[in-house]
Structure formats: structure tokens, C-alpha cells
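The structure appears below as C-alpha cells.
The values are calculated or read from the model by the stated rules, or taken from the named source; none is laboratory data. It should be emphasised that the depicted structure is a prediction, and the values quoted were computed from it without experimental measurement. Methodologically, a virtual Cβ is constructed for each residue, glycine included, from the backbone with ideal geometry; neighbour enumeration extends over all protein chains shown.
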Amino acid sequence: MKNPHEILGVKKNATFEEIKDAFRGLVKIYHPDVNNGSIESHEKMVEINAAYEFLHKEYVSGIRQKQTTSYQTYTKEQWDAYYKAYKKAEYESMGNKMKAKVARNLEPIRQENLNFQEEILKARNYNELLKVSQYYCNKFEDMIKTMYDYVQKRHRYGMPPNYVFGEEKEKDDEIRKQKLGSIENLTFLQVNSTYISAFAYDEEKQVLFVKFNSEAIFAYFNVANTEYSNLINAPSVGSYFAKNIRDCYDYEKIID
């Protein structure tokens, strides 16, 4: 594998200003937005970003230690370990965002299914039953196609087709239990939102619990007390949650 200097196309003794200029030039060439969102361009950008951030981190560390050349004297092992961790974190983040969006698309489908059941029970004759069935069949088809099209376009997010979500992620039930704590003793605050029914917040663990109208509960981690305060005092809690929390914090679904 190339070292970060080779990836950025600069000499080992390049100044950090030269490294920054090279990085900016490569972004203009390989960014997915200028390459129709191709998988290849994204994977190239992961490599470029990792190389630049690694050298920047080493450069800053050198400045602090008054060793201005520390970013030129890294070892192959240091770079390989950094790149492996960077790439894993990048794909994990993308996978979580993708799954979160698909899950959000499932919520209105579940709601429409409940509406469908109600309308079926209200049908007074065969024609009404047929009309309701046809209406919801078309509606479900459109909603599911929208979700399918999003997953099909995963290349716009650079997700390799065969990447296994959480392939190397360690599973530890005891750590998970300590991280989540218990929601039994928490008081849920009912809110007025089109898709959220209530919030609960564990101030000690900084975990925000969100109960959706489907009765599913998600836990969002490392949510500061000030963020929670801003959320519950926002004019629209649903809008604030969608913009500032939903895709901004690590989360886990704890109740289906």
C-alpha cells in the first residue's frame, strides 16, 4: 500500500503547505460529486482524506513537541493502523446513516398499514373493499420503491456492495448494558410531534431515549444536557431532532 505522501503525490520532504495544496487539487479531481457519485471515486477520496488527516495529525503533534518534521518520519505500521481504523470508521458511519434512513422510511409505511387495516374494516361492500385495496396497493408500491431506489443508489455514498455492516465490531452485552443503563426508572416526557411520541433522558450517562409513534425506542449516546434542553424547548421538537440529533449521534434501537 502507498504511504500518505505517495497518495497525495508529494515528496517525503514536502512542506505542509505543499501537502495542503496537493490535497485540495486531488479533491477537485476525485470528489464523488464531480464523478457521478461512483464507488471508485469515493474509495479514492477515503484514501486521500485519510492520508491528509494522518499527516495533519502528525504535523500538529510535531508542532506541539517542537519537531516540525515529525509528519515526515512516521512508520509504515503507524500509517497502516491509522488507515485501517479510518476506513472502518468511514464505512461504519455510512452504513449507520443508510440503515437509519431506511428505518425512517419504514415508519410511514407502518402507519399507512394501520390506516389500511382501519379502512378495510370500514368497507361496506365488495366495491369499497376493492377500491381501498387498490389505493393502498399503489401507495405501498410507491413508498417501497422510493426506499429501494435509495438503497440502489448506495454508490452515491460510496458504500461497497459487499461491505458487511459492523464486520469487525465487537459485541459485548455487559458493556452495552452499562452504556444503556435501565430505562425502567426513567420518566418519558410526552411531546407533540408527527412521528415522535416521547423523550426520556439519562443525565448521568448522557443517553437520550426516543420513543416513536410506532412504539420503537432508540437510544442516542453522548447527548449533552444542553442539547437535550434545546430539544425539549424547541418550537418543533421533531424538526430539531431531525436536524441536530438523528444523524449526529451514535444510536441503537433497543425496543422494536
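Here are a few things to note about the model shown:
- Count - residues of segment 227-249 that are free of Cβ contacts under 8 Å to residues at least 60 places away in the same chain and either more than 19 Å from GLN190 (Cα to Cα) or buried (at least 17 other Cβ atoms within 10 Å of the Cβ) (or both): 11
Residue-wise test of (1) of a type in the set (Phe, Trp, Tyr); (2) modelled with pLDDT under 85; (3) surrounded by fewer than 14 Cβ atoms within 10 Å (Cβ to Cβ).
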{"residue": "LYS88", "(1), (2), (3)": "no, yes, no"}
{"residue": "LYS97", "(1), (2), (3)": "no, yes, no"}
{"residue": "ARG104", "(1), (2), (3)": "no, yes, no"}
{"residue": "LEU114", "(1), (2), (3)": "no, no, yes"}
{"residue": "VAL132", "(1), (2), (3)": "no, no, no"}
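- Evaluation of LYS139 against (1) under 30 Å from SER38 (Cβ atoms); (2) of a type in the set (D, E, K, R); (3) at pLDDT 85 or above (one fails), failing number: (1)
- Check on ASN185, at pLDDT 80 or above, farther than 19 Å from ARG104 by Cβ and exposed (fewer than 11 other Cβ atoms within 10 Å of the Cβ): no
- Selection count, segment 205-246, where residues are assigned to a loop (DSSP other than H, G, I, E, B) and farther than 29 Å from ASN115 by Cβ: 6
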